[in-house]
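*Asks:* Supplied in structure tokens, the structure appears directly below.
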Amino acid sequence: MRSSLLIRQADSCAPRRPNPHPGQLRRPGPPRGGNQERATLRLLQLTDMHLYADPNGRLLGQNTRRTLDLVLELAAESFWPVDRVLLTGDLVHDESREGYEYLERRLVELGAPCSSLPGNHDAPAIMAGALDGGLISVAPSLRCGRWSLIFLNSTLAESDGGHLDGFQLNLLETALSAHPRSPALICLHHQPVPVGSNWLDTMALDNPEAFFAVVDRHPQVRGILWGHVHQEYTARRKGVLLMGSPSTCVQFLPTSNAFALDALTPGFRWLELSPDGHIATGVQRIAAYPDPLDLSSVGY
């Protein structure tokens, strides 16, 4: 039975710290200067890592620690430094504390503040206990420069699908009402709109009307970001940018009626949030899988 995340408000975006292991980030880039209110925020989204307590744990043929390492190496080479890392669920596949403790150690090596939220394969209470503190936060909202960043728990006990209960919807309403003139990015795990894969869309957010009723009352919302779908998705709804992102391990085949894997490789999404509310974003992927991918699989 999955329990709710511990709730804590963060007042501001923590400053980026230097990487404690410089050799791991081969292109750290110069530190940004100037007024943070006027600076563009650089965010890195990592999602659906599906880590295990066992260092050799595999999902559909892939060692998920190894694929995460390769994605982080790519991010270090092509999109560093960042102001914050966004972790949008399904962080640990076996719900083990050891898996979260490994992830915590790996994230601390990055030296950048992180925000995390749970997915349907996570254990939220264990996740919060293992990850919350220091550079890693499970706070439901924070201020980062001019932006409001909001993190919702869309998990539903004993279900792969998602739901935003009254508490989460009220949290969203409160966070948006507190800063009506600040552009906002909303993050959650489950997709709030169909992505075109029949099997996957049966596991989407089950009350999107209630979610969008709150969003539509607040014109400062500029983007909605999620994981879960293991594929890149981009669209717009009433001017709001909608973004689904690839997993750091295996990918799902887009527009598939039934479960199927895609040969596209693991990756991350980068975002640049301008003070005027504009979002620039894209996806980068590693060159190849480290091991053969089981494309014949019919589920996991």
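FYI, it's all coordinate maths here, none of it is from the lab. Everything quoted here is computed from the prediction, not taken from an experiment. Neighbour counts run over all protein chains shown; Cβ positions are idealised from the backbone, glycine included.
*Asks:* Once you mark the trypsin sites (Lys or Arg not before Pro) that are in a DSSP loop and have at most 14 other Cβ atoms within 10 Å, what is the longest gap between them in the chain? If you can, show how the numbers build up before the last one.
*Replies:* Working: sites that count: Arg8, Arg26, Arg32, Arg181, Arg217, Lys238.
With trypsin sites (Lys or Arg not before Pro) excluded where exposed in loops, the chain gives 33-180 as its longest stretch.
*Asks:* Shape of region 198-237 from its Cα gyration tensor (a ≥ b ≥ c, root eigenvalues): rounded if a/c is under 1.5, otherwise prolate when a/b > b/c, or oblate?
*Replies:* Working: a/c = 2.89, a/b = 1.50, b/c = 1.92.
Cα axes put region 198-237 in the oblate bin.
*Asks:* Starting at 0 and stepping by 5 Å, how many percent of the alpha carbon pairs of region 42-285 end up in each bin?
*Replies:* 1, 7, 15, 20, 22, 18, 12, 5, 1, 0
*Asks:* Where does each of Thr174, Thr64 land when they are ranked from fewest to most other beta-carbon atoms within 10 angstrom? Before the final figure, lay out each step's value.
*Replies:* Details: Thr174 13, Thr64 24.
Result, fewest neighbours first: Thr174, Thr64.
*Asks:* So, one more: Along each principal axis of its Cα atoms, how long is region 232-300 end to end? Whole angstroms, biggest number first, please.
*Replies:* That gives 46, 27, 15 Å along the principal axes, largest extent first.
*Asks:* Quote the charge dipole size of region 42-285 about the Cα centre in Debye, to the nearest 20; the model charges only the Cβ of Lys and Arg (+1) and of Asp and Glu (-1).
*Replies:* Numbers: 18 positive and 27 negative charges, 179 e Å.
Dipole of region 42-285, to the nearest 20 debye: 860 debye.
*Asks:* Provide Val298, Val240, Val250 in ascending order of the number of other Cβ atoms located within 10 Å of each residue's Cβ, fewest first.
*Replies:* On the way: Val298 8, Val240 19, Val250 26.
With the fewest neighbours first, Val298, Val240, Val250 line up as Val298, Val240, Val250.
*Asks:* A further question follows. Can you work out D for region 150-288 in µm² s⁻¹ from Stokes-Einstein, where Rh is the Kirkwood radius over C-alpha pairs, the temperature is 25 °C and the viscosity is 0.890 mPa s? Mind dumping the intermediate values first?
*Replies:* Numbers: Rh = 15.7 Å.
Translational D for this selection: 157 µm²/s.
*Asks:* Report Rg (one decimal) and Dmax (nearest whole number) for region 168-229, counting Cα atoms only, units Å.
*Replies:* Cα-based Rg and Dmax for region 168-229 come out at 12.4, 39 Å.
*Asks:* In debye, nearest 20: dipole of region 210-296 around its Cα centre with unit charges on the Cβ of K, R (+) and D, E (-)?
*Replies:* Values: 7 positive and 7 negative charges, 85 e Å.
My answer is approximately 400 debye.
*Asks:* Please arrange Leu171, Leu91 by how many other C-beta atoms lie within 10 Å of their C-beta, fewest to most. The partial results should precede the final answer.
*Replies:* On the way: Leu171 21, Leu91 31.
The most exposed by this proxy come first: Leu171, Leu91.
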